[in-house]
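The values are calculated or read from the model by the stated rules, or taken from the named source; none is laboratory data. All values derive from a computational prediction rather than experimental measurement. Neighbour counts are summed over all protein chains in view; Cβ atoms, including those assigned to glycine, are modelled from backbone coordinates with ideal geometry.
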Amino acid sequence: MARVLLFGSLRDLAGWRERDVEAASVSVLRAQLAGEDEALGAALEGPGVQVAVDQALVRGDLALSAGSEVAFLPPMSGG
Amino acid sequence: MIRLTDQPFEPGALLSEFARGREETGAVATFTGLARAEQGATAILELEAYPGFTESEIGKIADQARERFGLHDLLILHRVGKIGPGEPIVFVATAAGHRRAAFEACDFLMDYLKSRAPFWKKEHGPGGQRWIEPTAQDHIDRERWD
């Protein structure tokens with residue numbers, strides 16, 4: 001079970017901030033979320049959206065373990 | 001030190017504390033950013049961070065600043081949550097042997113914070129709410145240091 005966190009506009013779009021989702025990898029997780037919410041799935045693939053697993057930015061796919069924290073980060077606005 | 005807070009802070013008190021007990025530091029520069037009302041368009045500014053990640057990403061730039069400008073010390077305090085017009089939103093202090101390094105490091109850190117730091121910013125106003133992205137000028141300001 002991975003802990004999924006959404007930030008900024010992604011959170012508003014999805015209507016939730018964090019959830020536990022059963023997924024063995026980031027790509028499976030994306031497919032799972034897109035299956036439940038098509039608009040969110042598309043937004044997660046949107047320009048400038050980054051993914052962090054356990055607080056480290058990742059590119060491409062990555063296997064998830066129980067308790068992994070996966071954060072989807074829309075383009076950062078600065079302070 | 002890098003810290004996020006959801007509470008108002010007093011820049012003068014932070015400066016006094018930061019400057020205290022230094023014998024080899026000849027220069028302390030500070031910057032305080034305030035939330036603007038934008039002629040009434042922004043009643044509240046809301047800043048979201050990713051606790052842990054945000055501090056760690058800012059920390060990487062702070063390390064660069066330490067090295068590039070030979071800083072003795074630095075402090076970054078950033079508000080998160082809801083912030084009203086006129087309230088301090090960010091405080092940066094840099095300590096160095098001489099003024100040029102302290103000024104430039106402060107400027108460098110602010111250009112990064114305004115354009116790239118992991119925050120998500122929403123403006124609440126009479127016309128509703130909207131997410132804000134860095135301005136073209138924010139990006140140009142940061143590119144001065146590349």
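Observations
- Counting only strands (runs of 3 or more DSSP E) that fall entirely inside the stretch B:47-146 and contain at least 2 residues that are more than 10 Å from every other protein chain (Cβ to nearest Cβ), the qualifying elements are B:73-79, B:81-83, B:88-96, B:119-125.
- Taking the criterion of being more than 14 Å from every other protein chain (Cβ to nearest Cβ) and closer than 15 Å to A:Leu5 by Cα, the only residue of the stretch A:51-65 that qualifies is A:Leu64.
- A:Gly48 within 14 Å of another protein chain (Cβ to nearest Cβ) and buried (at least 17 other Cβ atoms within 10 Å of the Cβ): no
- Checklist (1) outside any loop (DSSP other than H, G, I, E, B); (2) of a type outside the set (Ser, Thr, Tyr); (3) farther than 27 Å from B:Glu133 by Cα applied to A:Ala52, failing item: (3)
- Test result for A:Gly35, more than 13 Å from the chain's Cα centre (by Cα) and in a helix (DSSP H, G or I): yes
- Answer residue from the stretch B:6-60, given it is among the hydroxyl-bearing types (Ser, Thr, Tyr) and surrounded by 12 or more Cβ atoms within 10 Å (Cβ to Cβ) and is modelled with the lowest pLDDT among those: B:Thr42
- Selection of the stretch A:1-18 for residues being more than 15 Å from A:Ala52 (Cα to Cα), more than 10 Å from chain B (Cβ to nearest Cβ) and free of Cβ contacts under 8 Å to residues at least 40 places away in the same chain yields A:Leu13, A:Ala14, A:Gly15, A:Trp16.
- Being buried (at least 16 other Cβ atoms within 10 Å of the Cβ) and at pLDDT below 95 holds for only one residue in A:Gly60, A:Gly78, A:Gly67, and it is A:Gly78.
- In the stretch A:1-28, the residues that are part of a helix (DSSP H, G or I), closer than 24 Å to B:Phe119 by Cα and not small (Gly, Ala, Ser): A:Leu10, A:Arg11, A:Asp12, A:Leu13, A:Val26
- Any pair with Cβ under 9 angstrom, 6 or more apart, that starts in the stretch B:13-36 at a residue that is farther than 17 Å from B:Arg66 by Cα and ends at one that is assigned to a loop (DSSP other than H, G, I, E, B) and among the small types (Gly, Ala, Ser): B:Gly33/A:Gly79; B:Leu34/B:Gly86; B:Ala35/B:Gly84; B:Ala35/B:Gly86; B:Arg36/B:Gly86
- Qualifying residue in the stretch A:44-58 (condition: among the charged types (D, E, K, R), more than 11 Å from the chain's Cα centre (by Cα) and farther than 17 Å from B:Phe53 by Cα): no
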